[in-house]
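The next block holds one structure in the form of structure tokens; read it before the comments.
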Amino acid sequence: MATPNDPGTAPPATRGDDTRANPGLSGIADDEDRQPWRPLKWLVLMTIASGVGAIAGLVGTAFRLSLYWADRFRNLAVVFSHAHVPPAWGLSLIHI
């Protein structure tokens, strides 16, 4: 049977013994609540973060739509030029 002082065994976990694993909790007593001091600030932060995420999604969607519209316009410009512009104009544009 291993004794508590053996180097190969871990010490038994107790309720107040978790401060060694997380030194940030060293000032919190066992009977204290570990919730933030001002939960309303956290709620405001989460609401603002959700809004910023939604705006970023809308900007990404607008960019994606602009790429789609630019592709359609390019295709329409190619079709129009093939139908209405004489071939010599295209060759002159290539040589410029």
Could you check, for segment 40-57, whether at least one of its residues is part of a helix (DSSP H, G or I), at pLDDT below 95 and surrounded by fewer than 10 Cβ atoms within 10 Å (Cβ to Cβ)?
-> yes
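Which residues, counting only those in segment 62-96, are of a type in the set (Ser, Thr, Tyr) and modelled with pLDDT of 85 or more? Let's see the steps before the verdict.
Here is the first cut: in segment 62-96, the residues of a type in the set (Ser, Thr, Tyr) are 66, 68, 81, 92.
Answer for segment 62-96, where residues must be of a type in the set (Ser, Thr, Tyr) and modelled with pLDDT of 85 or more: Ser66, Tyr68.
Of a type outside the set (D, E, K, R) and modelled with pLDDT under 60, is that true of Ala13? Steps first, answer last, please.
Working: of a type outside the set (D, E, K, R): yes; modelled with pLDDT under 60: yes.
So Ala13 fits the description; yes.
The values are calculated or read from the model by the stated rules, or taken from the named source; none is laboratory data. Please read all numbers here as calculations on a predicted model, not as lab measurements. Cβ: placed from backbone, ideal geometry, glycine included. Neighbour counts: every protein chain shown.
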